[in-house]
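So the structure is just underneath, and the comments pick up after that.
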Amino acid sequence: MSKFNRRDFLGLGALLAAPSGWQQNPTPVQQNSSPDLILINGRVFTIDDATPRAEAFAVKNGMFIAIGRTAEIRGMATRNTAVIDCGGMTVTPGFIDTHCHPSGVNELYTVNLDLRTIREIKDALRKKAAETPAGYWVTGFKFDDTKLEEGRALSRKDLDEAVPDHPVSVAHRGGHTTWYNSKAFELAGVTRATPDPDDGRFFRDASGELQGQVAERARNVFSRVGRREEFTPDEQRKRGQAGMAHISQLLTATGLTTVHDAGADSNRLRAYQDAYAAGQLRHRAYLMIRGPYEQLRNAGVYTGLGNEFVRIGGVKYGADGSASERTMRMSTPFVGKPDDYGILTMTQQEIHEAVEDAHRNNWQVGIHANGDVTIDMVLNAYERVLEQWPHPDRRHRIEHCSLVNPQLLRRIKDTGTIPTPFWTYVHYHGDKWRAYGDQTMKWMFAHRSFLDAGIRVPGASDYTPGPFEPLMAIQSMVTRKDYSGHVWGPNQKIAVDEALRVATINGAYASYEENVKGSISAGKYADFVILERDPHDVDPDQIKNIRVVRTVVGGKTVFSRT
Ligand SMILES: [Zn+2]
């Protein structure tokens, strides 16, 4: 039994819950007015326990106003009502990704290297170099070392063959390592004789020659050399807005209607607001603040400020390494590395201070903690503040919360903590899980265990480290199978219906918005997705191939295949 029990102070709940201001409350439903839009002949999974299945619904002023059978809903329509006839296709609430970095890289201006052959990567870089003045950087991102058909590593020589005269950088999608060409090493003055710094590494081949890959802070020397395009603040701002409009289009094309940004700094806050003001933000954003937290806090801002599209979420911290790049802090070592238990990036004291500050200033806090050691430290801090300054419904978060055990699950449940585990990782990253082994993987990305413990667990891509497609996420959580067919931690499989809840209503709960989104219910925002096929009916290994036909946010179509 944990020393902390939420029920102990429920009497205080009414007093304390009211002024927190985090809860979004629905607008009263106008039952009798004629709808702006009706959807009929659908196979509608509402994710609302009162009416789990329906055929049709009506929308007015961006909200669902009625849910029922096609004949009933059709009867509400007038001449001015738009009609979507689904023809039997599947409809679900819009999908919610609770930890994503959609504004981390401006995708409009960076070469996308999410490609499967070295040849294609070279072609893409060569093309970009042809339109870039000599001496200026050519930068690519989303490269994945475990996905190449050639079955060998990308090398400095590959990059030299593609682009000899510009410095080139190719960032791994995980974000912790980058590849460079010889021109870049030359400009940075790094040779085979250069030693590795303490907090990074220049990877070398068997003969000691620079291989091209560079880890962590060893990359800093490259940021000071070569020429980069320079922009006035105004141009920079326009690029930020255009990049946001672009990524919003990509996100909504996969059925996402709400995305939590897990690292919003001032530039990104501005980009969200600029895109929203220009009518270019298609999805709803919940912004976890990294950077200007103190300024916002001092200005009297706290979690929940904003509107239904751009809303301030929690404050974000990072306390350990990465799951996909195999540096998270665990109580057991990595496979084949008996001395490697991973990396911590905050002390217990720093975590206590950060959490106390956020909690007492009425901010939700989200701390990146992948390994069991780190999760324990974060829970220590949550238990401490909730004991001293109780609140019945605080919902602090553990970002990723990758490796758990029964004791941690109980403490997560008792503190009302929200874990946000990766949901496309099992399928997409496959090979990387060998570093943990099958035993440890039984307790990683543990959607089954969270649900069984009564925790309202959502899902998260962490994009770019993981792909954001929610249908791939559903497949991954349902099958626990990677791209090559290996099943990791089969005990953590969940059913399609459970995966749909994870992807919708549980995501809404993580941002205090379960009253306004996450299900197809009267009074909630009309955010929904039409799928070409029903994920309950297809071969589970094909769920990711189901096509999104239409995505609707607040009654407006933001993506349509036709
Ligand atoms: Zn992240």
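Is at least one residue of segment 408-419 within 22 Å of the chain's Cα centre (by Cα), modelled with pLDDT of 95 or more and more than 24 Å from LYS493 (Cβ to Cβ)? Looking for residues that are within 22 Å of the chain's Cα centre (by Cα), modelled with pLDDT of 95 or more and more than 24 Å from LYS493 (Cβ to Cβ), one finds at least one in segment 408-419, hence yes.
For ASP234, the conditions (1) more than 30 Å from GLN280 (Cβ to Cβ); (2) open to solvent by 40 Å² or more (accessible area, probe 1.4 Å) all hold with the exception of (1). A residue that is open to solvent by 60 Å² or more (accessible area, probe 1.4 Å), more than 16 Å from the ligand (Cβ to nearest atom) and closer than 29 Å to ARG550 by Cβ occurs somewhere in segment 265-274. Checked against the criterion of being within 21 Å of LYS147 (Cα to Cα), in a helix (DSSP H, G or I) and more than 16 Å from the ligand (Cβ to nearest atom), the candidates SER449, SER476 yield just one match: SER476.
Scanning segment 477-498 for residues that are modelled with pLDDT of 95 or more, among the polar types (S, T, N, Q) and farther than 16 Å from SER449 by Cβ gives a single hit, THR479.
Give me the strands (runs of 3 or more DSSP E) completely within segment 119-210, filtered to those with at least 2 residues that are more than 27 Å from the chain's Cα centre (by Cα), ordered by residue number.
Values: elements: 138-143, 168-172, 177-180, 200-204.
Ranges flagged: 200-204.
Could you tell me whether segment 145-164 includes any residue that is within 16 Å of the ligand (Cβ to nearest atom), under 22 Å from SER324 (Cα atoms), of a type in the set (Gly, Ala, Ser) and surrounded by 18 or more Cβ atoms within 10 Å (Cβ to Cβ)? No, the conditions are met nowhere in segment 145-164.
Results for (1) open to solvent by less than 10 Å² (accessible area, probe 1.4 Å); (2) farther than 30 Å from MET244 by Cβ, shown as yes or no for each residue.
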| position | (1), (2) |
| --- | --- |
| ALA277 | no, no |
| LEU287 | yes, no |
| TYR317 | no, no |
| PRO333 | no, yes |
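Filtered by the rule that a residue be β-branched (Val, Ile, Thr) and either open to solvent by less than 10 Å² (accessible area, probe 1.4 Å) or in a loop (DSSP other than H, G, I, E, B) (or both), segment 480-493 gives no residues.
Restricting attention to segment 418-433, which residues are without any contact (Cβ under 8 Å) to a residue 60 or more places away in the chain and either open to solvent by 10 Å² or more (accessible area, probe 1.4 Å) or acidic (Asp, Glu) (or both)? Give the derivation first.
Filtering segment 418-433 for residues without any contact (Cβ under 8 Å) to a residue 60 or more places away in the chain gives 419, 421, 424, 428, 433.
Within segment 418-433, just TYR428 meets the criteria.
Every condition in (1) assigned to a helix (DSSP H, G or I); (2) of a type in the set (A, V, I, L, M); (3) open to solvent by 10 Å² or more (accessible area, probe 1.4 Å) holds for ALA77 except the one numbered (1). Just one of the listed residues (ALA218, ALA193, ALA188) is open to solvent by less than 20 Å² (accessible area, probe 1.4 Å) and within 25 Å of LYS157 (Cβ to Cβ), namely ALA218. For segment 452-473, which residues satisfy the criterion of being touching a Ser or Thr at 6+ places or on another chain (Cβ under 9 Å), more than 16 Å from the ligand (Cβ to nearest atom) and assigned to a helix (DSSP H, G or I)? Listed by number, the residues that qualify are PRO470, LEU471, MET472. For segment 310-334, the tally of residues that are among the aromatic types (Phe, Trp, Tyr) and within 14 Å of the ligand (Cβ to nearest atom) stands at 1. For the condition over 25 Å from GLY318 (Cα atoms) and either in contact with an Asp or Glu (Cβ under 8 Å, 6 or more places away or on another chain) or in contact (Cβ under 8 Å) with a residue 40 or more places away in the chain (or both), ARG228 qualifies. Identify all residues within segment 91-109 that are more than 13 Å from the ligand (Cβ to nearest atom), open to solvent by 10 Å² or more (accessible area, probe 1.4 Å) and among the polar types (S, T, N, Q); write none if there are none. Once the filter is applied, which keeps residues that are more than 13 Å from the ligand (Cβ to nearest atom), open to solvent by 10 Å² or more (accessible area, probe 1.4 Å) and among the polar types (S, T, N, Q), segment 91-109 yields only ASN106.
Do we find that LEU210 is modelled with pLDDT of 95 or more, buried (at least 19 other Cβ atoms within 10 Å of the Cβ) and over 21 Å from SER182 (Cβ atoms) in this structure? So LEU210 fails the test.
Table: residues versus (1) touching a Ser or Thr at 6+ places or on another chain (Cβ under 8 Å); (2) in a helix (DSSP H, G or I); (3) over 19 Å from ILE343 (Cα atoms).
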{"residue": "HIS368", "(1), (2), (3)": "no, no, no"}
{"residue": "LEU386", "(1), (2), (3)": "yes, yes, yes"}
{"residue": "ARG395", "(1), (2), (3)": "yes, no, yes"}
{"residue": "ASP431", "(1), (2), (3)": "yes, yes, yes"}
{"residue": "ARG434", "(1), (2), (3)": "no, yes, no"}
{"residue": "GLN439", "(1), (2), (3)": "no, yes, yes"}
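If the requirement is being in contact with a His (Cβ under 7 Å, 6 or more places away or on another chain), surrounded by fewer than 23 Cβ atoms within 10 Å (Cβ to Cβ) and not aliphatic (A, V, I, L, M), which of these qualifies: ARG410, ARG384? It is ARG384.
The values are calculated or read from the model by the stated rules, or taken from the named source; none is laboratory data. Remember, predicted model here, so these are calculated numbers, not experimental data. Cβ: placed from backbone, ideal geometry, glycine included. Neighbour counts: every protein chain shown. Just the protein is used for accessible areas: all its heavy atoms, side chains included, with ligands, DNA and RNA removed. Shrake-Rupley method; radii C 1.70, N 1.55, O 1.52, S 1.80 Å.
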